[in-house]
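The values are calculated or read from the model by the stated rules, or taken from the named source; none is laboratory data. Here the structure is a predicted model, which means the values were calculated and not measured. Because the Cβ atoms are built from the backbone with ideal geometry, glycine has one as well, and the counts that use them run over all protein chains shown.
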Amino acid sequence: MPASSKRILFAASECYPLIKTGGLADVVGALPLALAEGGADVRVLLPGFPAVLKGAKAKKKLADIDDLFGSPARLYSAKSDTGLKLFIVDAPELFGVEGNPYQDASGKDRKDNHIRFAAFSWAAAELASGSYTKWQADVVHAHDWQAGLVPAYLRLKGKGGPKTVFTIHNLAFQGVFAKSFLNALRIPRALYTKDGIEYWDKISFLKAGIVYSDAVTTVSPSYAGEIQTEELGMGLGGLLKAQNFKLHGILNGIDTDIWNPQTDPALHTVYGSGKMAGKKANKKALQKRFGLDVDASAPLFCVISRLTEQKGLDLVAAAIPHIVGNGGQLMVLGSGDNGLESAFEVAAKTYQGKVAAVIGYDELLAHLVQAAADAIFIPSRFEPCGLTQLCAMRYGTLPVVSSVGGLADTVIDANEAALQMGTGTGLQFSPVSFEAFCLVIDRFFKLFKNKQQFSKIQRNAMKLDVSWAGPSKTYGTLYENLISED
Ligand code: ADP
């Protein structure tokens, strides 16, 4: 089948620039564009959250859906500012709430999440099969637990439908609900088995995605291996090992047009590897704006992250005296666990001029911080891929990362041998402990002092291809192999 005739439907609950809580949105916003450049006809189906309906352009109603799990709904086609072709399921009773797509204002999961995302998955399966429009999919690419039921609903429709790929962006979020919802979710009892969607006497949307899809992918080769173990398999290690014949680890890329220090409108001064003075100007601007001492010689570390246990940021909070004591500065942009938020806020008050913290989510500021900092801390306990280290390298900001998952796959440690060979793009440490973290900080201070070595590592990082060009070809081949299977 020629590449141009491949019709791919992405089903996902997030998509940059319309709705984003994390890396899932970046992937769903960028991979379809790279696939389309390769000739595929890719559409992205999104729930009609208020932000999605507001941000989408050229909306056109395609169909009325009288009863989507008890709610009236409409299907729209639309476009994003970035050129994505979209479908939107507009069901105000299900998706019409403002704010976080999964949680209420107090941070609790919304009570009807099982129905909301089952309905979304149902609509995806119907759309892909041609029930709503003439357009049908050759492959449905479903993302994370919110779209986990798509492969199950398609399987229930019988053979001959579209092929299915299911991507696990983070195994920690599984979409597990009480078995009493089986009927409401239109799942026949026959599927409620250990080999099916049953998970410790409950229903797991993520498990449904794994079991009923034709191929499962995760976002880095190392994470694909790690999730097959008891330690990092989060209760699904055995299943993933048994299913590893269809499991692929494909590294994420980033949108190198959006993350481009030579054109980025969010920066104080644009720059490139040939004119790094601009990076220094961003550092100065950030230091001024957030009350840090304006000092080019002080290594400026940053954090841009969800503040959670996964991300290991308790280590950063604990290491602040060590960082500041050695002349470093820290800029934190993040939100999440209350304990971590207040730890960084307190540190900013205690170490004025040395530590600044912005608690919240700010896309533009994330770009400026990437441009301004000398290094980014990502000491994750596990990391499916991680995108901030890719953005950082493109901006000449050295990632200081734990040796796990996608961090281990994307950052080349600038150890002695690497320095001698002139390779290396950042620093890795292991294990994820306070002692090992302080040691890697010391390694960074040493590297930062050696201007020649430091700028060589910066240049290596900026030269690295972190785009979707390579990974999108791998996905394209996977789709083609599935389509040509029977
Ligand atoms: P995860 O998806 O686990 O949160 P990733 O590194 O894969 O982590 O992706 C995180 C994405 O969210 C990146 O694009 C990063 O820049 C962005 N991000 C995280 N926290 C913030 C924040 N507080 N403000 C702005 N952007 C953020």
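Annotation note: of Ala118, Ala128, Ala124, the sole residue that is touching a Pro at 6+ places or on another chain (Cβ under 7 Å) and either over 23 Å from Lys20 (Cβ atoms) or at pLDDT 95 or above (or both) is Ala128. Restricting attention to the range 455-478, the residues being surrounded by 20 or more Cβ atoms within 10 Å (Cβ to Cβ) and over 25 Å from the mean Cα position of the chain (by Cα) number 1.
Evaluated against (1) outside any strand (DSSP E or B); (2) of a type outside the set (Asp, Glu); (3) surrounded by 20 or more Cβ atoms within 10 Å (Cβ to Cβ), Ile203 falls short on exactly one condition, (1).
Let's see how each residue does on (1) within 30 Å of Glu309 (Cα to Cα); (2) free of Cβ contacts under 8 Å to residues at least 24 places away in the same chain:
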site	(1), (2)
Trp135	no, no
Gly158	no, yes
Lys163	no, no
Phe173	yes, no
Ser180	no, yes
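In the range 346-357, the count of residues that are buried (at least 18 other Cβ atoms within 10 Å of the Cβ), within 23 Å of the chain's Cα centre (by Cα) and aliphatic (A, V, I, L, M) is one or more. Restricting attention to the range 283-329, the residues being among the polar types (S, T, N, Q), within 16 Å of the ligand (Cβ to nearest atom) and within 21 Å of Phe444 (Cβ to Cβ) number 1. Annotation: Arg186 fulfils all but one of (1) of a type outside the set (A, V, I, L, M); (2) over 20 Å from Ala11 (Cα atoms); (3) more than 16 Å from the ligand (Cβ to nearest atom); the unmet one is (2).
The test for being part of a loop (DSSP other than H, G, I, E, B) and of a type outside the set (Ser, Thr, Tyr) does not hold for Gly29.
Only one of the listed residues (Ala30, Ala51) is within 16 Å of the ligand (Cβ to nearest atom), surrounded by fewer than 17 Cβ atoms within 10 Å (Cβ to Cβ) and farther than 19 Å from Val150 by Cβ. That residue is Ala51. If you go through the range 264-279 and keep only what is within 19 Å of Pro299 (Cβ to Cβ) and in contact with a Pro (Cβ under 9 Å, 6 or more places away or on another chain), you end up with Tyr271, Gly278, Lys279.
So, Ala40, is that one surrounded by fewer than 24 Cβ atoms within 10 Å (Cβ to Cβ) and in contact (Cβ under 8 Å) with a residue 12 or more places away in the chain or not? If you could, list the steps in order and put the result at the bottom.
Numbers: surrounded by fewer than 24 Cβ atoms within 10 Å (Cβ to Cβ): yes; in contact (Cβ under 8 Å) with a residue 12 or more places away in the chain: yes.
Criteria met by Ala40.
When Phe444 is tested against (1) buried (at least 21 other Cβ atoms within 10 Å of the Cβ); (2) under 26 Å from the mean Cα position of the chain (by Cα); (3) part of a helix (DSSP H, G or I); (4) more than 16 Å from the ligand (Cβ to nearest atom), exactly one condition is not met: (2).
Put simply, of Val140, Val165, Val219 the only residue that is out of contact with any His (no Cβ under 9 Å at 6 or more places or on another chain), modelled with pLDDT of 95 or more, over 20 Å from Arg110 (Cβ atoms) and crowded, with 24+ Cβ neighbours inside 10 Å is Val140. On the phi < 0 side of the Ramachandran plot and free of Cβ contacts under 8 Å to residues at least 12 places away in the same chain - does that describe any residue in the range 298-320? Checked against the condition, which is being on the phi < 0 side of the Ramachandran plot and free of Cβ contacts under 8 Å to residues at least 12 places away in the same chain, the range 298-320 yields no hits at all. How many residues, within the range 294-320, are of a type in the set (D, E, K, R) and buried (at least 24 other Cβ atoms within 10 Å of the Cβ)? So the count comes out to 1.
Can you confirm whether Gly148 is over 15 Å from Gly48 (Cβ atoms) and buried (at least 18 other Cβ atoms within 10 Å of the Cβ)? Lay out the reasoning, then the answer.
On the way: over 15 Å from Gly48 (Cβ atoms): yes; buried (at least 18 other Cβ atoms within 10 Å of the Cβ): yes.
Considered against the rule, which asks whether it is over 15 Å from Gly48 (Cβ atoms) and buried (at least 18 other Cβ atoms within 10 Å of the Cβ), Gly148 comes out as yes.
Could you go through the range 362-380 and let me know if any residue there is within 16 Å of the ligand (Cβ to nearest atom), without any contact (Cβ under 8 Å) to a residue 60 or more places away in the chain and either in contact with a Phe, Trp or Tyr (Cβ under 9 Å, 6 or more places away or on another chain) or acidic (Asp, Glu) (or both). Yes, there is a match, as at least one residue in the range 362-380 is within 16 Å of the ligand (Cβ to nearest atom), without any contact (Cβ under 8 Å) to a residue 60 or more places away in the chain and either in contact with a Phe, Trp or Tyr (Cβ under 9 Å, 6 or more places away or on another chain) or acidic (Asp, Glu) (or both).
Contact map, the range 322-343: residues that are farther than 17 Å from Phe434 by Cα paired with residues that are in a loop (DSSP other than H, G, I, E, B) and small (Gly, Ala, Ser), Cβ distance under 6 Å, separation 6+ or inter-chain. Pairs shown: Gly327/Ala298; Gln329/Ala298; Ser335/Gly360. Pairing each residue of the range 384-397 that is under 12 Å from Met276 (Cα atoms) with any residue that is more than 8 Å from the ligand (Cβ to nearest atom) and part of a loop (DSSP other than H, G, I, E, B), provided the two are 6+ apart or on different chains, yields C-beta distances under 7 Å for Tyr395/Pro261; Gly396/Ser273; Gly396/Met276; Thr397/Ala373; Thr397/Asp374.
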